[in-house]
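Below: one structure, written as structure tokens.
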Amino acid sequence: MRLDKFLSAIGVLSRRESSGAIRHKKVTVNGLPVRSGAVQIDPERDVIAYKGETLRWKAKFYVMLNKPEGTISSTEDSERTVMKLLPPEYERAGCFPCGRLDVDTVGLLLITNDGDTAHALLSPKRHVAKSYRFRCSEPLTEEMIARLENGVDLGDFKTAPAKLEMDTPTEGVISISEGKFHQIKRMLASVGSGIEFLERIKFGPLELDGSLERGAFRELTEEEIDSLLEAANNSPQGAI
Ligand code: URA
């Protein structure tokens, strides 16, 4: 395995950061500094250290699932959990769904065993943007759209500004920077409409891969993992 892949796979450094650390001789392989992230290492045998500290090999997995309707994005409901759609190795490696989608919501769900990154991405302070394609029961007027965009009072909290891009009066994409329980359904209900279809198409820097069938999954590419680690490690963003 390449040294830079090892460093990003254990979640210590993104590939971009690892090339800087390697250039500055902060990374050693078996006690010796190396010149390039392309060096091949054996994660089970070689001793890799960053700033003098030995790094333990633990494979990190990052999976994009196109969640189908009727599945539950928690690990508890053993029959309907989305984890059943993946080979058991992922659950054995400690993978879990990063965040929740309702049972009838479909689309992009990140599944990972990188707890720190998942935690950072879900932190309300970080305002990670999520976009959903939706169809609602009532046509949205300009006034309803403006209310949703400005933030609506849901009783227990007022939503942060959202962004709506409508294709028809009942269909469009809504982007929010929060992730409260049933948030979009509650937002639409507060302006007098129901939700008939909800599909998450973006989560932070990740976009739903249009070639994935519902229920299908794939591991993230290295670029996607880097962008995810960057989104998790960057200082919190402002709202949309
Ligand atoms: N908002 C909802 O109402 N449901 C979801 O599953 C996600 C966002």
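The values are calculated or read from the model by the stated rules, or taken from the named source; none is laboratory data. Small disclaimer: the values here were computed from a predicted structure and weren't measured. Quick reminder, even Gly has a Cβ in these numbers, built from the backbone with ideal geometry, and neighbours come from all protein chains shown. Calculation scope for accessible area: heavy atoms of the full protein, side chains included, ligands and nucleic acids excluded. Shrake-Rupley method; radii C 1.70, N 1.55, O 1.52, S 1.80 Å.
Working only within region 156-174, note down all residues that are farther than 17 Å from R133 by Cβ and open to solvent by 70 Å² or more (accessible area, probe 1.4 Å).
Across region 156-174, the qualifying residues are D156, K158.
Modelled with pLDDT of 95 or more and aliphatic (A, V, I, L, M): is that true of A231 in this structure?
Criteria not met by A231.
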Regarding region 175-185, can at least one residue be identified that is away from the ligand (no atom under 13 Å from the Cβ), touching a residue at least 12 places away in the same chain (Cβ under 8 Å), open to solvent by 20 Å² or more (accessible area, probe 1.4 Å) and not in a helix (DSSP H, G or I)?
no
Need at least 1 residues that are under 28 Å from F197 (Cα atoms) per element, so show me which strands (runs of 3 or more DSSP E) inside region 40-130 make the cut, counting only ones lying wholly within it.
62-67, 106-112
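Would you confirm, using the coordinates I've provided, whether R15 is over 20 Å from the mean Cα position of the chain (by Cα), of a type in the set (D, E, K, R) and either open to solvent by 30 Å² or more (accessible area, probe 1.4 Å) or closer than 25 Å to S227 by Cβ (or both)?
Against the criterion (over 20 Å from the mean Cα position of the chain (by Cα), of a type in the set (D, E, K, R) and either open to solvent by 30 Å² or more (accessible area, probe 1.4 Å) or closer than 25 Å to S227 by Cβ (or both)), R15 does not qualify.
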Anything in region 190-212 that is more than 8 Å from the ligand (Cβ to nearest atom) and surrounded by 16 or more Cβ atoms within 10 Å (Cβ to Cβ)? List them, or say none.
S190, V191, S193, E199, I201, K202, F203, G204, P205, L206, L208
